[in-house]
2 protein chains.
Amino acid sequence: MDHAIPDIVIGRLPVYLRELERMVRDAGKTTTSSHELAERLGMSSAQIRKDFSHFGEFGKQGTGYHIHYLIDRLTEILNLTHEWPVALVGAGFLGHALASYRGFQRRGFVITCVFDNDPTKIGKTIGDLVVQDAATLETTLPARGIAVAILAVPADAAQETVDRLVAAGVRAILSYAPVSLTVPPGVHVSYSDPVVQLQQMAYYLSPTIP
Amino acid sequence: MDHAIPDIVIGRLPVYLRELERMVRDAGKTTTSSHELAERLGMSSAQIRKDFSHFGEFGKQGTGYHIHYLIDRLTEILNLTHEWPVALVGAGFLGHALASYRGFQRRGFVITCVFDNDPTKIGKTIGDLVVQDAATLETTLPARGIAVAILAVPADAAQETVDRLVAAGVRAILSYAPVSLTVPPGVHVSYSDPVVQLQQMAYYLSPTIP
């Protein structure tokens, strides 16, 4: 695995994978081209060919790409050949939405435990899982070999929770808390904040209300 | 407004704005430096100074930045001097989480209407809003001058819903549907897919379960 591949290329691979899986599922397709993929994704075919070139030869000139081969290679490159067990921290509205989300299935991740520190939530069921006391994070996570967590706690509790997750062996955190987090080297954080995304787009809108 | 500013710089401005507002709210701070901001955000101070340089002089050498001035300028640059009314489409678990999310307040956006096409959901209340029949999108959105929408519908319904939103005058869409969408020039889409974000991080993890 060559870690010199630019982060921005790695960032696009899951989008390629998602679209390829959709082409198989919805249309039963077995081959595609960089042009077809580009049109479906709203990007340039040259960009796709350049991204794929980082990983050697994915297809032959003229005959296009074999979709199943591409899916297998991308799955391997992204370390998705096994399912990663995921801890969800926070059993509020968002935690419920995430625990109920069926989109994790067959895409490499499965939420295997849910934590909260609210006594009225601990012991309740969300999806198929019983909400555990967040005080048990430090024992449960290492015992279950969990390296991936989703953070759905309020901003004020986020950094402290992240520190505890990292101490418990977590190496990748998807955070929905609207705050920047500090983690040691080797730990990865990805942020999801709807307001940040809306603000980014607002820049490009006409400044007046229509 | 200079639209030649790189998208990647625009993408970081909401994160600066969020952190500056937090410094005022939590610590009552009135001045800061690129070094302090960099440390809080886990990035380099040179990057911050370079980003700010696109917008003229935000601070004076040696005396740092006045936080309130920075906040006002970023708010203006990002077109957030008024609140944008937002339509939420999809009243499932995720729609509920978004409608209940208090993080939109005072950050430029307010969800003013919620739509679904499920007869068992139409007429029900989520947060302070009554779920409207999605069949009324085309009349309600223009009447309310809505240019921004959040899409929380299943993948299969996403493109058709986007086409209708665009026809109704929407120019910025935050999509939670796990699918790439096609929009005409001048319409902006931002995606939020937890699996894509988790897969991006999985690349950097050791390929074996710990």
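Coordinate-derived values only; no laboratory data. Keep in mind that what you see is a predicted model, and the values were worked out from it rather than measured. Please note: Cβ atoms are built from the backbone with ideal geometry, for glycine as well, and neighbour counts cover all protein chains shown.
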message = Per residue of the range A:118-133, what does 6.51 cos²θ - 1.76 cosθ + 1.60 with θ = phi - 60° give for ³J(HN,Hα)? Whole Hz please, x for Gly and Pro, Karplus curve as stated.
response = 8, x, 6, 9, 4, x, 6, 9, 10, x, 9, 10, 8, 5, 9, 5
query = Can you list the residues, at least 5 places off or on another chain, whose amide H is less than 5 Å from the amide H of residue A:189, using H built in the peptide plane?
reply = A:173
request  = Can you check what the Kirkwood hydrodynamic radius comes to for the protein assembly as shown, Cα pairs only, in Å to one decimal?
outcome  = 22.9 Å
key: Lys/Arg +1, Asp/Glu -1 at C-beta; chain A dipole; positive extreme among A:179, A:42, A:89   = A:42
inquiry  = Angle check, please: helix A:67-77 long axis (alpha carbons) against the longest principal axis of chain A (alpha carbons), in degrees 0 to 90, nearest 10.
reply    = 50 degrees
inquiry  = Return the equivalent ellipsoid semi-axes of the range B:90-210 as a descending list in whole Å, where each equals the square root of 5 times an eigenvalue of the C-alpha gyration tensor.
reply    = 28, 18, 14
query = About its Cα centre, what dipole magnitude does the range B:1-93 give when the only charges are +1 on Lys and Arg Cβ and -1 on Asp and Glu Cβ, stated in debye to the nearest 20?
reply = 220 debye
note = Nearest 10, in degrees from 0 to 90: the angle of helix B:155-167 to the longest Cα principal axis of chain B is 80 degrees
query = Just the C-alpha atoms of the range B:1-52: what Rg/Rh do they give, with Rh taken as the Kirkwood radius?
reply = 1.00
inquiry  = Could you tell me the relative contact order of chain B? Use alpha-carbon pairs under 8 Å, at least six residues apart, and round to a whole percent.
reply    = 13 percent
remark   = With bins of 10 Å, the percent of all Cα-Cα pairs of the range B:28-152 per bin from 0 is 12, 32, 21, 19, 14, 2, 0
query = Hey, how many Å between the Cα centroid of the range A:14-54 and the Cα centroid of the range B:146-210?
reply = 16 Å
note = Phi-derived 3J(HN,Hα) across the range A:45-53 with the Karplus relation (6.51, -1.76, 1.60, θ = phi - 60°), rounded Hz, x for Gly and Pro, is 5, 4, 4, 5, 4, 5, 4, 5, 5
inquiry  = Exceeding 32 Å between C-alpha atoms, which entries from my cross-link table qualify? They are A:124/B:124; A:121/B:29; B:29/B:124; A:124/B:29; A:50/B:50; A:124/B:121.
reply    = A:121/B:29; B:29/B:124; A:124/B:29
task = May I ask you to list the residues of the range B:167-182 whose amide nitrogen lies under 11 Å from a point 7 Å from Cα along the Cα→beta-carbon direction of residue B:138?
result = B:167-168
ask   = Other chains near A:187-194: what is the mean number of their Cβ atoms within 10 Å of each residue's Cβ?
value = 6
query = Once label points are set 7 Å from the Cα along Cα→Cβ at both residue A:100 and residue B:26, what is their separation, rounded to one decimal in nm?
reply = 3.1 nm
remark   = Between residue A:110 and residues 5 or more places away or on another chain, the pairs with built amide H atoms under 5 Å apart involve A:84, A:86
query = For residue B:31, which sequence-distant residues (separation of 5 or more, or a different chain) have an amide H within less than 5 Å of its own amide H, given hydrogens modelled in the peptide plane?
reply = B:67
Phi to ³J(HN,Hα) by Karplus 6.51 cos²θ - 1.76 cosθ + 1.60 over the range B:178-185, Hz, x for Gly, Pro = x, 7, 6, 10, 10, 9, x, x
